[in-house]
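Asker: Dropping a structure here in structure tokens format, bear with me for questions.
We did not get these values from a lab; they are worked out from the coordinates using the rules stated. The structure displayed is predicted, hence computed values, not measured ones. Reconstructed Cβ throughout: ideal geometry from the backbone, glycine too, with neighbour counts over all protein chains shown.
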Amino acid sequence: MNDEPVISQELESLLNVEFGPEVYEIEKGMVMRFAEAIDDPNPAWLEVTPPTFPAALVPTELLHRLFNAECPLKRVLNGASELEYFKPIRVGNVIAVTARLDRLRKMEGKEGTTLFMIMAATYTNQDGELVARGKNTYIRY
Amino acid sequence: MAETVYYEDIEEGSEVPALVKYPTTMQLVKYAGASGDYYQIHYDKDFAIANGLPGVIVHGWLALSFLGQMITDWLGGEGTLVKLDGSYRGMNLVHEEIFCYGRVKRKYIEDDRHYARVEIWAENPQGEKTVTGSVVVILPSRG
């Protein structure tokens, strides 16, 4: 067995720290590729973005740290996703993403120890308007 | 495109037209590229199996995207999606059908807006729920 703590100092140090903003220019081709990848032929996606598009606006720095932080649990799965929309994200917008790790929760289950890592993200457009808020739960096991 | 759904057309229990998808490895690779999620469990079978999975599994976000498509197809051009959430409770394997379903849980008026809360879920061919979640939408009214 491994005595390494499931919640390492490195992981814990990420809690409640704001990462970003990382800025994405919403180009037509990027949205077309996303719509094609999700196999959704709706012509609306030539101008606005499909509901799950914020998944492509990745807060890379936080996620990179989260997935590479020391942890004896090496496997990762996506546990849950949540999005709230305030304005459409349109082709031509410039979207800034900020993210923070909200919570770390250790659980003992029949699969052994699992760690829930809950991240919150905020998406703002070029006019400073909040367009969407997201929450994602990642599971290490 | 489907006809516009009005607030008056739905009741608690109304069903959203179901959608069936069949993700291939190629689609998962495209999704990896489009989303930037290159975790190998979604296209590398050896890696997936070495990680204790039964095979290549579909990105949770991709399955949720299918549920999103079901909802935006249903809404047509008039309705607005306000919230979307999904919990990934089981696995969808590549080259297996994903069945997407939705059912109205509640309709209500708030600040003169006509809302519906719809439960959504995806099933694998064994009939297991792999994604469960909900959406909140604003619908146009005939009133």
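Asker: Hey, among B:21, B:30, which residue is at the interface with chain A (Cβ under 10 Å from one of its Cβ atoms), free of Cβ contacts under 8 Å to residues at least 24 places away in the same chain and among the charged types (D, E, K, R)?
Answerer: Step by step, each of B:21, B:30 is checked, and only B:30 is at the interface with chain A (Cβ under 10 Å from one of its Cβ atoms), free of Cβ contacts under 8 Å to residues at least 24 places away in the same chain and among the charged types (D, E, K, R).
Asker: Just one of A:73, A:101 is out of contact with any Pro (no Cβ under 8 Å at 6 or more places or on another chain), surrounded by fewer than 18 Cβ atoms within 10 Å (Cβ to Cβ) and among the aliphatic types (A, V, I, L, M); which is it?
Answerer: A:73
Asker: Sort out which residues of the stretch B:34-43 are at the interface with another protein chain (Cβ under 7 Å from one of its Cβ atoms) and of a type outside the set (Ser, Thr, Tyr), and write them in order of number.
Answerer: B:34, B:36
Asker: If you don't mind, another one. Kindly indicate whether any position in the stretch A:59-73 is closer than 30 Å to residue B:19 by Cβ and hydrophobic (A, V, I, L, M, F, W, C).
Answerer: Yes, the stretch A:59-73 contains a residue that is closer than 30 Å to residue B:19 by Cβ and hydrophobic (A, V, I, L, M, F, W, C).
Asker: I need the full set of residues from the stretch A:27-67 which are touching a residue at least 12 places away in the same chain (Cβ under 8 Å), more than 7 Å from every other protein chain (Cβ to nearest Cβ) and either small (Gly, Ala, Ser) or not in a helix (DSSP H, G or I) (or both), in order please.
Answerer: Scanning the stretch A:27-67 gives A:27, A:35, A:47, A:48, A:49, A:57, A:59.
Asker: OK, next. When the stretch B:44-93 is examined, which residues are found to be polar (S, T, N, Q) and at the interface with chain A (Cβ under 9 Å from one of its Cβ atoms)?
Answerer: Of everything in the stretch B:44-93, those that are polar (S, T, N, Q) and at the interface with chain A (Cβ under 9 Å from one of its Cβ atoms) turn out to be B:51, B:65, B:69, B:72, B:80, B:87.
Asker: Might you let me know whether the stretch B:104-113 holds any residue that is under 25 Å from residue B:38 (Cα atoms) and not acidic (Asp, Glu)?
Answerer: no
Asker: Tell me which residues, restricted to the stretch A:104-141, are without any contact (Cβ under 8 Å) to a residue 60 or more places away in the chain, crowded, with 18+ Cβ neighbours inside 10 Å and either hydroxyl-bearing (Ser, Thr, Tyr) or on the phi > 0 side of the Ramachandran plot (or both).
Answerer: Hits for the stretch A:104-141 are A:114, A:122, A:137.
Asker: Which number in (1) in contact (Cβ under 8 Å) with a residue 40 or more places away in the chain; (2) within 19 Å of residue A:44 (Cβ to Cβ) marks the one condition that residue B:65 misses?
Answerer: (1)
Asker: Let me spell it out: the conditions are (1) over 27 Å from residue A:84 (Cβ atoms); (2) assigned to a loop (DSSP other than H, G, I, E, B), and residue B:4 meets all of them except one. Which number is the exception?
Answerer: Of everything listed in (1) over 27 Å from residue A:84 (Cβ atoms); (2) assigned to a loop (DSSP other than H, G, I, E, B), residue B:4 misses just condition (1).
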